[in-house]
Structure formats: C-alpha cells, structure tokens
Amino acid sequence: MRFAVALLLVLAGVARSEDAPHLARVMPPAGQVPVEQAIREGVEYLVKNQNRDGSFGHHVSGRTYELWCQVPGGHQAFKAASTALCWMGLDDVPYKTEASRKAQAKCLRWLVDNARVKRAYARQFYNIWSFGYGLRALAQALRTEAEGAPPDEIRATMKAIIKALVVYQSPDGGWGYLDFKVPAYKPSWSTPFTTATVMIALHEAREAGVEVPQEMIDKAVALLWRSRTPDGNYVYSIDHKYYPHGLINRPGGSSLRNPGCNYALHLFDEKMGVDGLRVGLQQMVDNHRFAIAGLRRPRPHESWYAVSGYFYLYGHQYAATSMVALPKADHAKYWPHLVRSTLKTRQNDGSFWDYPTYRYHKAYGTGYALMILGRCPPEIEP
C-alpha cells in the first residue's frame, strides 16, 4: 500500500513537471498582465509587507536549506540591501499613493540610520551589498530631495559608507563579499560584478555632490578592464583570470553580469562606448535560455554555465539602468525583452523574485522589478 501511494505521488510529480510552462519560450500566467498593473500591484505588495521599523525583508525562513549567512551581520546586510532596493523601486515608478509615499519616507529614515552595516566576520562581508545599494539609494534621495530624512544626515551616512568602501577595497582594486584566502582587515578577494555595483553607486554619489576619492575609482576601473575577456564577458572573480574559459566565464554564464560591468566602465571610461553596452545587452538576449534555467533554483551555481538564480533580476536591473545611455533607436530592440523577462518572475500576490533567500527575496526582487518596469518608456509594447 505504501509503495502504491509513493508511486502515485511520483507520477503526479512528473505530470506537474511536464505541465509547467517553458519559461524560455512562454509567459507564465502570473506574468500575463499589463505593465501598469504589474507596477501598481508591486507597489501595493511592498506597502503591505513593509516592516514596522521601515525596513523590508526578514531573516526567518521555513526552508531547510539557505545561503550561508552569519548572525547578525550577514542578515543586517541583507535587510539593508533589500530595503535600499525597495526604496529605489518605489521611487522609480510613476504610480504613487499616499500610503506608498509614507512607506518610502519611513524606508529612507531607516536607511540613513542602518545602511552602514558592519561585516559579519573576516570571511564574509555581505555588507558590500548594503553599501552599494544603500549608497545608490541615498544619492538618489539626496538628488530628488526625497522626504524621510534631512539632507545633512543623508550626506553623513553616504560619507561613512564611502569611507568604509576605501577599507573594503581589495589590493587588486575591486570589491567582493567573501574571502576564503586571507581573512584580514582589508579583503583579498573581489568579483567584477560586485565591483561594478559599487562603482555605479559611487558615480551616483559623486553626481549628488558627495566627494569620492579618484584613486579608488581608478583602481576599480583597471580591475574591470583586466577582468574583461576578448569576447566581451567578465570572469566571475579575480582568481578566474587563470581559467577564463570556465563555464561561468562564457557568454552563457556571464550574460547577466555583463550589462552592469559594461555600464560601470561606461560611466568612468570613455573607451566603453555605447557599442560596448549593446554587445552586453545582445549577449543577454541571446543567452536568455541559460539565464531563465537558473531561475529559483535553491543552490548557487547549480544551473547551466554555473548560473545562479540571484543573477537574474540583478542583471536585468542593470541592463535597464544602462538603457539611459543608448539612443532611442535601440529602445524598441531591447526594452521588450527586459520587460518580458522581468514579468516572468511575477507572482500572483504582486511580488517578484528570482532566488529563495530567507524572507528577503520577495522584497529585493520586487524592488529590482519596479526599478526595471519604472524605467521602461510608456510607448514600449512588451
């Protein structure tokens, strides 16, 4: 009897797997909504699920497997990074309500007080993500005179983050989030895509009138150029330069990390022109089947070309951000792909997510998605 029940469960599972939509080719039911509805319900989801203190996300998880994350610093970093992305998502969309404005102001107040997170310990410093996204959000708040915190307090937190980034910059010129080689005061390991995340935030800070050391920028620019392969991809981390043809460094593995790295170089080095940005965007389009194959897989790098699910919305957000540098003639070519790809991560409750991460994933995923959809020109049809 038990064997029969087990067999029926297995067969039922196979049937459900076969009936699942092929995400590389079709849009799942939750994504079959107009962009305006996706934005509206995404905003409403964030407003409804904001923590009482103004932050977003939570460390509690009902799963038996989770990312390695030290207590408390790792979770403080995840929460700060998620909260910054949610603030930018709410700020970037045209849909505003009284409730969303209040949520955004409360969120900014929390960020000013908490974005400068201490590292978990010498081998793990996820606070680089809270620095990168926190700095970018605060710079945007400063430029737009956002409600929630006085400008002088915003500047003070931004300066504290920049000061910390000087410490966390590795000798090779980049930034990373782990270090298994030399657990020291100054990290010894970096990744190009984390470096690009920080560089874009530093550019936003400089545009907002906050001083950024030029030496720090020059080292980071040099690191990105050294990490770029002849075919326009980026090695996953600085030690991958010794095996640049590894799966994760090929177009199928790098396509989601390329747009952010290209855009960071474009902001600081005129040698990365719009043609270079186009190359990265086209690589993302051409390798979508590998990007979507990693979506929501629970273990990092388990998919084809060592793609992780958390690359997905990250890559599309930076692709969308880089579109501002391209002429309008390119918009009709790339924006529909970015919108469709984002809608594939939408859930029936209005949230978006790409990788299960405690209870942060719906928060940061929805923030990413709103940043993408909010930038899309209204005349674009996905």
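Nothing in this text is a laboratory measurement; each read-out follows from the coordinates by a stated rule. Computed from a predicted structure; not experimentally measured. Please note: Cβ atoms are built from the backbone with ideal geometry, for glycine as well, and neighbour counts cover all protein chains shown.
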(request) Just tell me the longest site-free run in the chain, where the sites are trypsin sites (Lys or Arg not before Pro) in a DSSP loop having at most 10 other beta-carbon atoms within 10 Å. (result) 64-270
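Ignoring everything except DSSP H segments at least 4 long, calculate the 222 nm mean residue ellipticity for the chain; use -39,500 (n - 2.57) per segment, divide by total residues, nearest 500.
Working: 15 runs with 209 residues, N = 382.
Helix contribution divided over all residues of the chain: -17500 deg cm²/dmol.
Determine, for 349, 275, the number of other Cβ atoms within 10 Å of each Cβ, and report the residues in order from fewest to most. Before the final figure, lay out the partial values.
On the way: 349 14, 275 7.
If I rank by nearby Cβ atoms, fewest first, I get 275, 349.
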(request) Could you tell me which label, among (1) -0.33, -1.03, -1.17; (2) -0.29, -1.05, -1.24; (3) -0.38, -1.04, -1.17, carries the value of log10 I(q)/I(0) by the Debye sum over Cα atoms at q = 0.07, 0.13, 0.14 Å⁻¹ calculated for this structure? (result) (2)
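Please work out whether the stretch 231-298 counts as rounded, prolate or oblate from its C-alpha gyration tensor, where a ≥ b ≥ c are the square roots of the eigenvalues and a/c under 1.5 means rounded, while otherwise a/b larger than b/c means prolate and anything else oblate?
Working: a/c = 2.08, a/b = 1.33, b/c = 1.56.
Oblate is the answer for the stretch 231-298, as a/c is 1.5 or above yet b/c matches or exceeds a/b.
If you take every residue apart from residue 265 with its C-beta less than 9 Å away from the C-beta of residue 265, what net charge results, scoring Lys and Arg +1 and Asp and Glu -1? Can you show the working numbers first?
Details: positive: 228, 271; negative: 269.
Here the charged neighbours net out to +1.
So for 225, 335, 87, fewest C-beta neighbours within 10 Å to most, what's the order? Please list the in-between numbers first.
Numbers: 225 14, 335 22, 87 31.
By the 10 Å Cβ count, ascending: 225, 335, 87.
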(request) Run down the aspartates and glutamates and flag those whose C-alpha is under 13 Å from the C-alpha of residue 328, throwing out any fewer than 8 positions away in its chain. (result) 379
(request) For the stretch 95-183, state which GluC sites (Glu not before Pro) are in a DSSP loop and have at most 10 other beta carbons lying within 10 Å of their beta carbon. (result) 145
(request) Please list, or write none, the lysines whose alpha carbon is within less than 30 Å of the alpha carbon of residue 79, excluding same-chain residues fewer than 8 places away. (result) 48, 96, 102, 106, 118, 159, 163, 181, 186, 219, 344, 362
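Report the FRET efficiency, 1/(1 + (r/R0)^6), for residue 27 and residue 60, where r is their Cβ-Cβ distance and R0 is 30 Å, rounded to 0.05. List each step's numbers first, then the result.
On the way: r = 31 Å, r/R0 = 1.05.
Taking R0 as 30 Å, the efficiency between residue 27 and residue 60 is 0.45.
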(request) Could you tell me which of rounded, prolate or oblate describes the stretch 217-352, using a ≥ b ≥ c as the square roots of the eigenvalues of the alpha-carbon gyration tensor, with rounded for a/c under 1.5 and, failing that, prolate when a/b is larger than b/c and oblate otherwise? (result) oblate
(request) State the extension gain, in nm to one decimal, for the chain segment bounded by residue 332 and residue 71, taking 0.36 nm per residue of separation less the distance between their alpha-carbons. (result) 89.4 nm
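Please rank 203, 316, fewest neighbouring Cβ atoms within 10 Å first, as an exposure proxy.
Details: 203 19, 316 26.
Fewest-to-most ranking of 203, 316: 203, 316.
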(message) Can you list the DSSP H helices in the chain whose Cα atoms extend at least 27 Å along the helix axis and whose mean Kyte-Doolittle hydropathy is -1.0 or higher?
(response) 73-92
(request) Note down the nm distance, to one decimal, between modelled labels 7 Å out along Cα→Cβ at residue 289 and at residue 215. (result) 5.0
(request) Sort the stretch 55-158 into rounded, prolate or oblate with this rule: let a ≥ b ≥ c be the square roots of the eigenvalues of the Cα gyration tensor; rounded if a/c is under 1.5, and if a/c is not under 1.5, prolate when a/b is larger than b/c, oblate otherwise. (result) oblate
(request) Evaluate the charge dipole of the stretch 38-375 about its Cα centre and quote only its size in Debye, nearest 20, assuming +1 on the Cβ of each Lys and Arg and -1 on the Cβ of each Asp and Glu. (result) 680
